[in-house]
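The values are calculated or read from the model by the stated rules, or taken from the named source; none is laboratory data. Remember, it's a predicted structure, so these values are computed and weren't measured experimentally. Here Cβ is always computed from backbone atoms with ideal geometry, including for glycine, and neighbour counts include all displayed protein chains. Each accessible area value is taken on the protein alone, full model and side chains, heavy atoms only, with ligands, DNA and RNA left out. Shrake-Rupley method; radii C 1.70, N 1.55, O 1.52, S 1.80 Å.
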Amino acid sequence: MPDWSKIWGGSRIGQDLMQYPDDEVYNAAALLRPEDRPKVQVIPTDDPASIFARYQGYPDDALPEAFVLPTKDKIYVNRRKQSVFKNPHRLAANLGHEQHHIGGADERAARLKEIEILEGMGREKKQVQAIKKFYNIK
């Protein structure tokens, strides 16, 4: 039997499917400009604490919506944050935010990218205001 993952993985279609293994993630990434799309694999997870020990013992409402590890080789998206995971605009902004971290941005710069993405889509004005208020961004 052929190894279909190697066959598909070598094609452009296979690479896209492997990079965005979930419909929600794929659809959200499609909303982004090519330069803001993740350049690494995106992995939805139901248990961030098992991937990043930093989140051990955090209550669900304090877990991140998405994150990268210090190795910066994958973006993890928290499926338990349904308000983000099921909202393509918020998920797209989170993917752009995390990709900005992979490029070396600190949290403030990544939040500015998230705001830019949301404002560019003309969506989630309340979320934009909340981010600006929390990070004291004018």
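The set of residues in region 35-63 that are of a type in the set (Lys, Arg) and over 12 Å from the mean Cα position of the chain (by Cα) contains only ARG54.
Per-residue answers, yes or no, for (1) crowded, with 18+ Cβ neighbours inside 10 Å; (2) out of contact with any strand residue (DSSP E or B) (no Cβ under 8 Å at 6 or more places or on another chain):
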{"position": "PRO48", "(1), (2)": "yes, no"}
{"position": "ASP60", "(1), (2)": "no, yes"}
{"position": "LEU63", "(1), (2)": "no, no"}
{"position": "VAL84", "(1), (2)": "yes, no"}
{"position": "ASN87", "(1), (2)": "yes, yes"}
{"position": "HIS97", "(1), (2)": "yes, no"}
{"position": "ALA105", "(1), (2)": "no, yes"}
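Within region 116-136, being of a type in the set (A, V, I, L, M, F, W, C) and touching a Lys or Arg at 6+ places or on another chain (Cβ under 7 Å) holds for one residue alone: ILE131. Any residue at all in region 79-102 that's closer than 18 Å to ILE131 by Cα and β-branched (Val, Ile, Thr)? Scanning region 79-102, I find at least one residue that is closer than 18 Å to ILE131 by Cα and β-branched (Val, Ile, Thr), so the answer is yes. If the condition is being crowded, with 18+ Cβ neighbours inside 10 Å and within 18 Å of LYS126 (Cβ to Cβ), then region 65-82 contributes GLU65, LYS81.
Quick check: is even one residue across region 114-134 in contact with a helix residue (DSSP H, G or I) (Cβ under 6 Å, 6 or more places away or on another chain), in contact (Cβ under 8 Å) with a residue 40 or more places away in the chain, open to solvent by less than 40 Å² (accessible area, probe 1.4 Å) and of a type outside the set (A, V, I, L, M)? So far as region 114-134 goes, no, none of its residues is in contact with a helix residue (DSSP H, G or I) (Cβ under 6 Å, 6 or more places away or on another chain), in contact (Cβ under 8 Å) with a residue 40 or more places away in the chain, open to solvent by less than 40 Å² (accessible area, probe 1.4 Å) and of a type outside the set (A, V, I, L, M). Scanning region 97-114 for residues that are under 12 Å from the mean Cα position of the chain (by Cα) and among the aliphatic types (A, V, I, L, M) yields ILE102, ALA110. State yes or no: is THR71 touching a strand residue (DSSP E or B) at 6+ places or on another chain (Cβ under 8 Å) and polar (S, T, N, Q)? The answer is no for THR71. Count of region 95-113 residues, restricted to those that are closer than 20 Å to PRO21 by Cβ and free of Cβ contacts under 8 Å to residues at least 60 places away in the same chain, is 1.
Results for (1) over 11 Å from the mean Cα position of the chain (by Cα); (2) under 20 Å from ALA110 (Cα atoms); (3) modelled with pLDDT of 90 or more; (4) not hydroxyl-bearing (Ser, Thr, Tyr), shown as yes or no for each residue.
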{"site": "TRP8", "(1), (2), (3), (4)": "yes, no, no, yes"}
{"site": "SER11", "(1), (2), (3), (4)": "yes, no, no, no"}
{"site": "ASP22", "(1), (2), (3), (4)": "yes, no, no, yes"}
{"site": "ARG33", "(1), (2), (3), (4)": "yes, yes, yes, yes"}
{"site": "GLU65", "(1), (2), (3), (4)": "no, yes, yes, yes"}
{"site": "LYS74", "(1), (2), (3), (4)": "no, yes, yes, yes"}
{"site": "LEU95", "(1), (2), (3), (4)": "no, yes, yes, yes"}
